[in-house]
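First the structure, in the form of structure tokens, and then the observations on it.
The values are calculated or read from the model by the stated rules, or taken from the named source; none is laboratory data. The structure presented is a predicted model; accordingly, all values stated were derived computationally and were not measured. Virtual Cβ from ideal backbone geometry, glycine too; neighbours counted across all protein chains shown.
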Amino acid sequence: MKMDNWEDDLLNFDYSNPTPQDNGSRNVEDAIKREEERSRQLREEYERIREASRAEKQQQAYQQFRETYQDKTPVSEVNVSRSAKAATRAARGAAAAKAGKAAARGVKNVSGFYKFTRFLSIPYVIALAAFIASMTIINVLPFFWWIVLIVVLCLLSAIIVAQLRKFNIKKWAKVLATCMSLILIFVYGMGSVYALGTLSLLDNNSTKNENKVAAISKEPFNVCMTGLDVYGVIDEQGRSDVNMVVTVNPQTATILMTSIPRDYEIRIPDFDYATDKLTHTGFYSVDATMHAEEDLLQTKINYYVKVNFSTVKAFIYSIGGIDVYSDYEFNPVKRPDWTVKKGWNHMDGKQALAFARERKAFEDGDRQRIRNQQAVFEAMIKKGTSSRTMILNYNRIVSNLDKNFEMSFSSKEIRSLMKLQLAKNPKWKIFKNAITGGDGRMGTYSTGGTEVYVMTQNPESIANAQMLIQAVLDGKTIDKDENDNVYVVETEATDDAA
């Protein structure tokens, strides 16, 4: 060995340019490599530990910051944060609006179904507006019902129109909205047509009236019901086969039907109070009939309704038939193939007409016919004035009655009565009374003095009818006994006055 101290050689060795010379040199080189490897590992471990320590310190610092300063954020920073969020939302809204405009500009790229639904919203709105306008004009619905209907239709329509016009709606929702809109367009259209048709019907069949009451839904009134024994349009003249004075008091919901036999002895004021049979007044005019009944009953008749056989058949058909109680079992002369059973019978228009006209099957003839006519009329009133019938059969009634009746009620008065019925649905108390008389023969104005059968007047029966009519007009209570005889109920005030 040239050097006794090998450590000195190792320290003085030039590591940058080692030159192996012998085995000793190779050992040194290996030692150097091992030392470099160990130094590298130590540096890597040191860096790993330092990074871990730094991350842990950062986490601890962040946690301490949150615990210490989270609730003490300066207002300026909060406002900046809120402004940033608002700006973000605004940017998103602008992007959505831009996308919507782009979609609108790109309608050509949308399917035909979506284009159709967008177009369908226009006729839907038009149909809705027409329906609301027509229902406002006809004015038959109670105020509360009308407000509820308007609110429901507006809310429903807003949803339907939104579904129809937007492009980013799912297809099943658009299909549902389309079906509903088509159904409602049909309903709106039919409702508008029937509303305007009702106005036309009432106006065409109404005549001027100077005897009307001020408020028909509040004041009592008398109606002359006259039925002619002819078919066809109401302009045809004929004998007054059915004669009835109907007294109505809306406040007490009372109806009194006073029937007068067709052959009853009367005076005709229009012809200098000439004596005749009531049925003959139908040949002259409905005014002649009204005036004769006013003279007989000593009361003012405010309205009239003139019908014929065609009217009765059409109306009963329109309301789906009526249920009538018969006191006898018989076969009407006009319908020998049909048997009327004693008790309740469901009748169509033809059957009800044959039932009301029959008199030969009964011992008391015309008197029983009057009772049957009253039974038919009562059934027609009960069925026709029910809210269910008015709603479900209204259009059929309107279409079938055109040119089949004449009245002195105005269109507005009829609609007021309809509104009263729909709003309050009063339970009408219906009473029936018939004037009686004796059998006789005498010359009449219409026969030129030739004697014919006439039912002579019964002053007692006439006075009772006058008293009952006035009681209903005055709002007094009437009732009937076990024999169906109508009488005025004596009140405590009446007893005290007596």
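Odds and ends about this structure:
- Among residues of segment 117-160 being touching a Leu at 6+ places or on another chain (Cβ under 9 Å) and over 29 Å from residue 394 (Cα atoms), the one that is surrounded by the fewest Cβ atoms within 10 Å (Cβ to Cβ) is 119.
- Residues that are part of a helix (DSSP H, G or I) and either touching a Pro at 6+ places or on another chain (Cβ under 9 Å) or of a type in the set (D, E, K, R) (or both), drawn from segment 163-185: 165, 171, 174, 181, 185
- Residue 255 vs. criteria under 22 Å from residue 428 (Cα atoms) and either modelled with pLDDT under 90 or assigned by TED's automatic domain parsing to the domain that holds residue 437 (or both): yes
- Set 188, 114: member being at pLDDT 90 or above and either aliphatic (A, V, I, L, M) or assigned to a helix (DSSP H, G or I) (or both): 188
- When 226, 258, 279, 247 are checked against the criterion of being closer than 23 Å to residue 310 by Cβ and in a strand (DSSP E or B), a single residue qualifies: 226.
- Looking across segment 445-479, the residues that are of a type outside the set (A, V, I, L, M, F, W, C), out of contact with any Ser or Thr (no Cβ under 6 Å at 6 or more places or on another chain) and over 22 Å from residue 221 (Cα atoms) come down to 445, 446, 447, 448, 449, 450, 451, 453, 456, 457, 459, 460.
- Complete set of residues in segment 315-337 that are surrounded by 14 or more Cβ atoms within 10 Å (Cβ to Cβ), part of a loop (DSSP other than H, G, I, E, B) and under 39 Å from the mean Cα position of the chain (by Cα): 319, 321
- Among the candidates 303, 273, residue that is over 41 Å from the mean Cα position of the chain (by Cα) and hydroxyl-bearing (Ser, Thr, Tyr): 273
- First in segment 344-372 and assigned to a strand (DSSP E or B), second anywhere and not aliphatic (A, V, I, L, M), Cβ under 7 Å, 6 or more apart: 344/323; 344/325; 345/326; 346/321; 346/323; 347/321; 347/355
- Residues (assigned to a loop (DSSP other than H, G, I, E, B) and among the aliphatic types (A, V, I, L, M)) located in segment 191-215: 213, 214, 215
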